Amino acid sequence: MPTLNHTPAFPGPVHAHWRAVAAAKGFDLIARIHDRFHLQLRCRHCSGAFTTKLFTLMRHQPLCPHCLAARRSAVAVAAGVSFLGPDPDRRGYGRFRAPCGHVLTRQFELIDRVAKGQTGLRCETCHAEREASEARRFGWERLGHCPSGQPNYRLYRHHCGHVQRIAQANMLWGQCDCAGCGRGWNAKPSFLYLFRIFLPATTDCPARQYLKLGYSAHPVKRHRHQLGLPRDAQVEVLRVLAMASGHLACRAEQAAHRRLIRAHPEAVVPAAELAGAMNVVREIYRPGLLPVLEAELDRIAAELDAKSGCM
Ligand SMILES: [Zn+2]
Ligand SMILES: [Zn+2]
Ligand SMILES: [Zn+2]
């Protein structure tokens, strides 16, 4: 029996009107394949061959899987990841390699939005590691997600041995008194933080997104109020780094800004653009600078951990 790419061809007539329909839809009909329901087509756009159902060709527009993969790869590159292939288990999901090397399974639709800059993408493995090192700075070991299933809580073990659940946002800012030994973190930390600020569209301006890298001597939990943002602004806390003193935090922050402004002047948002939209106009960056800002904070965190002998 003749074969096509090791798949048996199906002996049977290939009707001229099938060829005509295939041509009209952008394909050459190569052969019948497998059984009486399947055809082998060649895409006229990319020359790739693939199998489709006769029914699909006659009633619908077959999708060339090679062209589809090329489109998905291009979107993935724009989103900062590389496309590995569709998720075999879940329809509408693909597998992507993140810059950190981990493989992420995400909806294609989400990657589209990341590519357009409408949302961010975070590697859960790296994120869990980062949460663990943040907790270590306050004397807690991150054990995992909270057994209650509440997404904002994690389970931690204090250095006294006591295990308790703590809201991740509280741990981030070091606000975590231990119910076992009654002690919190004694030092008065200051914080470097990285926020993503969303400003909704107004009559004369489309929706905007900015990054703010800042320093504070207090947990910045009431972001809107403390940063003087409009009521309808949304703030996402991307990173918080507790520093042993305000002096250290302030120095690290200013050194970071100097480096960033020198290396990426185009990513610094001019104050004039922010006038009227928010009170904070300094140290605001374009969303595309996120990987650079993350790397900057990673570097500062690594220095802190090296100094304190933690990790
Ligand atoms: Zn194609
Ligand atoms: Zn990762
Ligand atoms: Zn304790």
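Brief remarks on what is shown
- Of all accessible heavy-atom area on segment 124-172, the percent that carbon and sulfur account for (1.4 Å): 50 percent
- Dividing the helix sum by the residues of the chain, where each DSSP H run of 4 or more adds -39500 (n - 2.57), gives a mean residue ellipticity at 222 nm of -9500 deg cm²/dmol.
- Accessible surface of segment 3-63 [probe 1.4 Å, protein heavy atoms]: carbon and sulfur percent: 55 percent
- Seen through its C-alpha gyration tensor, with square-root eigenvalues sorted a ≥ b ≥ c, segment 124-172 comes out oblate because a/c lies at 1.5 or above while a/b is not bigger than b/c.
- Proximal lysines to K188, defined as alpha-carbon separation beneath 18 angstrom and excluding residues fewer than eight positions away on the same chain: K221, K307
- Computed over the chain, Cα set: Rg, Dmax in Å: 26.8, 83
- Take the Kirkwood radius over Cα pairs of segment 12-155, plug it into Stokes-Einstein at 10 °C and 1.306 mPa s, and you get 85 µm²/s for translational diffusion.
- Computed lengthening from Q118 to A70, 0.36 nm per intervening residue step minus Cα-Cα distance: 15.1 nm
- Average accessible surface area per residue within the chain, 1.4 Å rolling probe, Å²: 55 Å²
- Positive minus negative residues near S245 (Lys, Arg vs Asp, Glu; Cβ under 10 Å): +2
- Residues whose amide H lies under 5 Å from that of I30, counting only those 5 or more places away or on a different chain, are Q40, L41, R42; hydrogens are built 1.01 Å from N in the peptide plane.
- Between V163 and V103, the contour length at 0.36 nm per residue exceeds the alpha carbon distance by 18.5 nm.
- In range of the label at N170: residues from segment 125-153 whose backbone nitrogen is under 20 Å from the point 7 Å along Cα→Cβ: 131-153
- The portion of the accessible surface of segment 190-308 made up by carbon and sulfur, rounded to a whole percent, is 57 (1.4 Å probe; DNA, RNA and ligands excluded).
- Label sites at R231 and R19, each approximated as a point 7 angstrom past Cα along Cα to Cβ, lie 7.1 nm apart.
- Within a Gaussian network of the chain (alpha carbon springs, distance under 10 Å), most fluctuating of C205, C146, C181: C205
The values are calculated or read from the model by the stated rules, or taken from the named source; none is laboratory data. Computed from a prediction, not measured in an experiment: that's the story for all the values here. Note that each Cβ is placed from the backbone with ideal geometry, even for glycine, and that neighbours are counted across all protein chains shown. When the accessible area is computed, the model is the full protein with side chains, heavy atoms only, and any ligands, DNA or RNA have been set aside. Shrake-Rupley method; radii C 1.70, N 1.55, O 1.52, S 1.80 Å.
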